[in-house]
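Read through the structure below, which is laid out as structure tokens, and then see the notes.
What follows draws every value from the coordinates through simple rules; no lab data is involved. What you are looking at is a predicted structure, and each value in this text was computed from that prediction instead of being measured. Heads up, the Cβs are rebuilt from the backbone with ideal geometry, glycines too, and the neighbour counts pull from every protein chain shown.
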Amino acid sequence: MHGYSVTLPAMYLVKSPFFLKWYYPQLLWNKPRSEKTIYITFDDGPIPIVTPFVLKTLAAYNAKATFFCIGDNIRKHPDVFNAVVNSGHAIGNHTFNHLNGWKTDDETYIKNILEAQALTQTNLFRPPYGRIKKSQIRKLKGVGGRESEVGSEQSAVSSLQSDIKTLSFEVRNKSSEPQFQPSNHYPLTAKPNPSTLYPPNPKPSTLHPKPSTLNLPAFHLIMWDVLSGDFDTNLAPEKCYQNVIINTQNGSIIVFHDSLKAFDRLQYALPRVLKYFTERGFSFERL
Ligand SMILES: [Zn+2]
């Protein structure tokens, strides 16, 4: 009617604002700004087609990245998961069923993370939707001993440790279910051979000590400072690319998704982002 259109604001923030970082100092939002290093992350995989596309594209630029995997997707696509691990990328835990921390009680939330942890074996965690309660943060950073908290948190930690033992038992029992036979791919029982699970030169910080005991590490909780918006089906692929180019700087942690929903934008933006920053002297590393 007036000859112009109104663009609705995006319902998500491409650049993480300072007040979020201030409110959640326990979370990692970006790496040091001193190095020309960029940390690309991929959430919600591993799945066929999309994840292999990502691996191939990263390899073309000699780029390393971090994959925050959904436990249930690892269960469904163990070969794809192995391909990610064998390509030398870092693995992160993204819960087993992509739970929203704000809508999930702490016990359920932690148990779901433990279930994924049996497969991911990492000390990196990213909360799905970026939504996590402070009480959940305390539990995830406290379990494992290194950053144990005092007082009432102690009892929570103790009770979690017994949950872990129970879950360890449950997870192992699941391997006998006929529809899923992880022993072909992931020996969930006593002693998996680490060399089949990890690349030759993994960073020690991403190694989980002993899967057989299933102790949770003191997780590093990883957020981001650049959201590509690739999950937004209303976003033009070119705009997704621009989101990343405009907002990325030294030490940025960028979020993409190896999901079917994101694939149109991912296919367009990822190779161009890698090309753009490689030509400007940046390297891409795992967290
Ligand atoms: Zn996610």
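Summary of values
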| read-out | value |
| --- | --- |
| Per-region count, the stretch 86-119, residues in contact with a strand residue (DSSP E or B) (Cβ under 7 Å, 6 or more places away or on another chain) and under 17 Å from His257 (Cα atoms) | 6 |
| Residue that is farthest from the ligand (Cβ to nearest atom), among those in the stretch 264-279 that are more than 20 Å from the chain's Cα centre (by Cα) and free of Cβ contacts under 8 Å to residues at least 60 places away in the same chain | Glu279 |
| Matching residues, the stretch 98-131, being within 11 Å of the ligand (Cβ to nearest atom) and surrounded by fewer than 16 Cβ atoms within 10 Å (Cβ to Cβ) | Asn100, Tyr129, Arg131 |
| Scope the stretch 227-263; condition more than 14 Å from the ligand (Cβ to nearest atom) and on the phi > 0 side of the Ramachandran plot; matching residues | Gly251 |
| Qualifying residue in the stretch 25-48 (condition: surrounded by fewer than 23 Cβ atoms within 10 Å (Cβ to Cβ) and assigned to a helix (DSSP H, G or I)) | no |
| Residues within the stretch 38-73 that are within 16 Å of the ligand (Cβ to nearest atom), touching a residue at least 60 places away in the same chain (Cβ under 8 Å) and under 21 Å from Asn123 (Cα atoms), tallied | 11 |
| Criterion (buried (at least 24 other Cβ atoms within 10 Å of the Cβ), more than 19 Å from Ala218 (Cβ to Cβ) and of a type outside the set (A, V, I, L, M)) met by exactly one of Phe67, Phe53 | Phe67 |
| Hits in the stretch 230-253 - residues which are outside any helix (DSSP H, G or I) and crowded, with 24+ Cβ neighbours inside 10 Å | Asp230 |
| Residues being within 14 Å of the ligand (Cβ to nearest atom) and among the hydroxyl-bearing types (Ser, Thr, Tyr) - total across the stretch 74-97 | 1 |
